[in-house]
Amino acid sequence: MSNLQPVYVIGGGLAGTEAAWQVARSGVPVVFYEMRPERLSPAHHTEHLAELVCSNSFGAMSADRAAGLLHEELRRLGSIVIGKADHHAVPAGGALAVDRAEFSRDLTETLAQHPLVDFRREEVRQIPTDGVVVLATGPLTSPDLTEDLRQFTGRDYMSFFDAASPIVVGESIDRDVAFMASRYDKGEAAYLNCPMNREQYLQFYQALCAAEQAPLKDFDRESAKFFEGCLPIEELAQRGEDTMRYGPLKPVGLFDSRLGDGRDPANRDKRPYAVVQLRQEDKAGQLWNMVGFQTNLRWGEQQRVFRMIPGLENAEFVRMGVMHRNTFINAPELLSATLQFKGRATLLAAGQLIGTEGYTAATAGGWLAGTNAARIARGLEPIALPPVTMSGALFEFISSASPKHFQPMPPNFGILPELPTKIRNKQERYGQYRDRALDELDRWKVESLGDRPAALVGATV
């Protein structure tokens with residue numbers, strides 16, 4: 001193994017971190033590049049690997065949910081990112097949320113200390129022309145590398161705009177107003193909920209619609225494309241008076257138990273008209289993320305408008321919402337389901353750059369790209385994940401969708417092959433998808449990963 005040529009992994013986000021680990025885990029040396037802190041992006045705040053910019057949540061934990069199934073697949077595949085996420089988890093009801101600072105710091109230290117990882121903090125401006133390369137530079141790829149990739153592919157990029165939610169100091173939230181609960185009392189009560197009556201909601205809605213937005217740097221606001229899964233809260237408000245109440249401010253299933261039993265018809269008038277939820281950011285519960293409040297409002301406007309929310313009148317913000325461009329390639333034209341470029345088999349890509357959406361999907365792409373990069377370096381055939389798994393279906397989709405209308409795709413059951421027998425009950429159907437995926441993954445692992453070095457098959461994080 002010591003005579004193998006190194007694999008080059010460019011980008012230290014979730015995908016790049018996972019890819020670098022999988023290369024090293026396979027006994028192949030890796031040269032791992034991250035441009036921070038030499039060059040910062042518009043969205044990052046630290047120099048640590050796998051920094052979570054938008055939220056600290058990886059989505060639902062239950063394996064009969066799309067994100068949860070992807071979590072479980074990655075656990076069984078030995079993902080370092082999901083392993084560290086489990087280790088640094090914080091209460092979040094049915095979601096896998098992490099203490100983002102400890103999570104990123106731990107991953108940085110683990111990768112930097114691996115004997116097969118040559119960790120270099122420098123910007124890569126051109127794709128290396130020799131050797132096996134994994135490109136995982138994310139939605140904020142630097143301009144020079146973006147231009148080099150554009151020239152390599154001979155195609156322009158598509159882009160959408162993504163935004164991050166504000167974070168509030170827990171002690172500044174009025175607990176006499178906000179109440180702890182999870183929707184429908186599912187799991188432990190892990191969300192702080194700020195209830196609104198109709199009058200409060202309408203005042204907030206009107207203020208939000210009238211609030212001043214920050215200018216988008218280097219881009220024409222009229223040409224911005226928003227990804228529907230991560231719309232700015234002000235964009236939602238502009239779509240109609242009740243849009244937020246059917247989205248992130250949905251009050252259904254949330255009731256302050258201090259007011260009695262929410263299921264009692266006698267308490268119908270006490271039920272909130274809308275609810276703003278905050279999710280715990282750190283293990284100590286000192287920081288809380290405003291769920292669904294990604295925004296491009298000016299910072300002063302954010303403070304003014306968001307302090308209209310009951311319970312947040314004196315909120316102390318440690319991070320305001322920010323907005324930035326996300327860039328992704330037209331993967332159906334350029335990539336195979338192994339995440340290799342069709343025009344250069346030794347160049348692979350992963351993460352949001354390839355048009356997958358969400359932390360867990362980026363991690364899955366990093367696992368596959370890193371695993372295949374190591375296999376190519378060792379003279380083995382690359383592999384594709386089974387299409388009945390969530391990960392396999394996701395990469396099959398982004399490599400075979402219509403190039404003309406390609407948009408980022410999050411994990412979802414709609415991309416999985418249909419079950420042999422139609423099942424009308426959604427919960428039962430999702431359970432069948434889960435069982436089929438995990439059974440097939442376990443079988444596939446034995447058949448496809450049996451050539452991984454024996455001492456590294458069970459490597460821990």
Quiz prompt | Evaluation of Arg263 against (1) assigned to a strand (DSSP E or B); (2) surrounded by fewer than 18 Cβ atoms within 10 Å (Cβ to Cβ) (one fails), failing number | solution = (1)
Exercise. For the stretch 323-333, state whether one or more residues are within 30 Å of Ser182 (Cβ to Cβ), more than 18 Å from the chain's Cα centre (by Cα) and not in a strand (DSSP E or B).
Key: no
Practice problem: Could you please let me know if Ser55 is modelled with pLDDT under 90 and within 14 Å of the chain's Cα centre (by Cα)? | Solution: yes
Self-check item: Scan of the stretch 280-320 for residues that are open to solvent by 10 Å² or more (accessible area, probe 1.4 Å) and of a type in the set (Asp, Glu), ordered by number
Solution: Asp282, Glu301, Glu313, Glu316
Practice problem: Give just the number: which of (1) part of a helix (DSSP H, G or I); (2) of a type in the set (D, E, K, R); (3) at pLDDT below 90 does Arg155 not satisfy? | Solution: (1)
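Residue-wise test of (1) in contact with a His (Cβ under 8 Å, 6 or more places away or on another chain); (2) open to solvent by 40 Å² or more (accessible area, probe 1.4 Å); (3) among the aromatic types (Phe, Trp, Tyr).
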site	(1), (2), (3)
Phe328	no, no, yes
Ala349	no, no, no
Leu353	no, no, no
Ala384	no, yes, no
Val388	no, no, no
Leu394	no, no, no
His405	no, yes, no
Pro408	no, no, no
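Report yes if Glu313 is touching a Lys or Arg at 6+ places or on another chain (Cβ under 8 Å) and in a helix (DSSP H, G or I), otherwise no.
Criteria not met by Glu313.
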Quiz item: What strands (runs of 3 or more DSSP E) lie completely within the stretch 86-141 and have 3 or more residues being open to solvent by less than 40 Å² (accessible area, probe 1.4 Å)?
Solution: 95-98, 133-135
Quiz item: In the stretch 410-454, how many residues are open to solvent by less than 30 Å² (accessible area, probe 1.4 Å), out of contact with any helix residue (DSSP H, G or I) (no Cβ under 7 Å at 6 or more places or on another chain), part of a helix (DSSP H, G or I) and touching a residue at least 60 places away in the same chain (Cβ under 8 Å)?
Solution: 2
Quiz prompt | Residue among Val133, Val81 that is in contact with a Gly (Cβ under 8 Å, 6 or more places away or on another chain) and within 19 Å of Ala362 (Cβ to Cβ) | solution = Val81
Quiz item: Which of the residues that make up the stretch 355-381 are open to solvent by 10 Å² or more (accessible area, probe 1.4 Å) and not in a helix (DSSP H, G or I)?
Solution: Glu357, Gly358, Arg378, Gly379, Leu380, Glu381
Exercise. Starting from the stretch 285-309, keep only residues that are under 18 Å from Arg245 (Cα atoms) and touching a residue at least 24 places away in the same chain (Cβ under 8 Å), then list their pairs with residues that are charged (D, E, K, R) and outside any helix (DSSP H, G or I) whose Cβ atoms are within a distance under 7 Å, requiring at least 6 positions of separation or different chains.
Key: Val291/Arg279
Self-check item: Positions within the stretch 298-353 being polar (S, T, N, Q) and in contact with a helix residue (DSSP H, G or I) (Cβ under 9 Å, 6 or more places away or on another chain), in sequence order
Solution: Asn314, Asn326, Thr327, Asn330, Ser336, Thr338, Gln340, Thr346, Gln352
Quiz prompt | Residue in the stretch 334-354 that is nearest to Glu171 (Cα to Cα), counting only those that are of a type in the set (Val, Ile, Thr) and not in a loop (DSSP other than H, G, I, E, B) | solution = Ile354
Practice problem: Check Tyr8 against each of (1) assigned to a helix (DSSP H, G or I); (2) open to solvent by 20 Å² or more (accessible area, probe 1.4 Å); (3) in contact with a strand residue (DSSP E or B) (Cβ under 9 Å, 6 or more places away or on another chain); (4) not basic (Lys, Arg) and name the one condition it does not meet. | Solution: (1)
Quiz item: In this structure, does Ala63 turn out to be in contact (Cβ under 8 Å) with a residue 24 or more places away in the chain and in a loop (DSSP other than H, G, I, E, B)?
Solution: yes
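The values are calculated or read from the model by the stated rules, or taken from the named source; none is laboratory data. The shown structure was predicted, so the numbers you read here are calculated from the model rather than taken from an experiment. As a convention, Cβ positions derive from the backbone with ideal geometry for all residues, glycine included, and neighbour counts pool all protein chains shown. Just the protein is used for accessible areas: all its heavy atoms, side chains included, with ligands, DNA and RNA removed. Shrake-Rupley method; radii C 1.70, N 1.55, O 1.52, S 1.80 Å.
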